1. How far, in degrees from 0 to 90, does helix 93-105 lean away from the longest principal axis of the Cα atoms of the chain, to the nearest 10?
2. Starting from the Cα of Tyr70, step 7 Å along the direction of its Cβ; do the same at Ser131; then give the gap between the two resulting points in nm.
3. Using only alpha carbons, build the gyration tensor for the chain and give me the equivalent ellipsoid semi-axes, biggest first, whole Å.
4. Pairs of lysines 8 or more apart, or on different chains, with alpha carbons under 16 Å: count those in the chain, would you?
5. About its Cα centre, how strong a charge dipole does the chain have in debye, to the nearest 20, once Lys and Arg get +1 and Asp and Glu get -1 at the Cβ?
6. Going by Cα centres, the range 35-54 and the range 83-123 are how many Å apart?
7. Per the helix-only calculation at 222 nm, which mean residue ellipticity applies to the chain, given -39500 (n - 2.57) for every DSSP H run of n ≥ 4 and division by its residues, nearest 500 deg cm²/dmol?
8. So, in nm, how far is label Lys4 from label Lys77 when the simple model puts each one 7 Å beyond its Cα toward the Cβ?
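Just so you know, all these numbers are worked out from the coordinates, no wet-lab data involved. The shown structure was predicted, so the numbers you read here are calculated from the model rather than taken from an experiment. Ideal geometry is used to build each Cβ from the backbone, glycine not excepted, and the neighbour counts take in all protein chains shown.
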Amino acid sequence: MAIKGLSTDVQNAMEGQRIYALATSSKDGIPNVVPVGFLFEGPDGNIWVIDNYMDKTLKNVRENPVASFYIWHEGVKESYQVKCSVKIENSGADYEKAVALAHERKETYPAKTLLKLTVREVFYITPGPHSGKKL
């Protein structure tokens, strides 16, 4: 993996994560959290999320282009919160790559949009003295 803005340790922790909790907020601060299975390293070094069934999440990102997710699973010693800016794409070469990836997994996935997450900040969330501290 070579995601811009993430250390090797954080990227290694991502390898065992299957479902991510992706958090967004409306422009008025109303939060939304959804489970996401299509969150992965894009070929551009950003994190890609393929939108198959997003409604409130997509609306929130259009109003307030930021998102956050955590990395935690039984196989990691440290857990992390990743805060990102978000760009939406529904056309172009990267979007077409995302559609192809979704259809490889299941041909009937709609792959409506591609969310490109650019890492802005990473924090420890493992309980202990460094919990909440920025990496």
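1. Helix 93-105 sits at roughly 80 degrees to that axis.
2. 1.0 nm
3. On the way: eigenvalues 117, 62, 35 Å².
Sorted largest first and rounded, they come to 24, 18, 13 Å.
4. 21
5. Numbers: 17 positive and 16 negative charges, 71 e Å.
Charge dipole of the chain: 340 debye, to the nearest 20.
6. 5 Å
7. On the way: 3 runs with 28 residues, N = 135.
Counting only the DSSP helices, I get -6000 deg cm²/dmol.
8. It is 3.1 nm.
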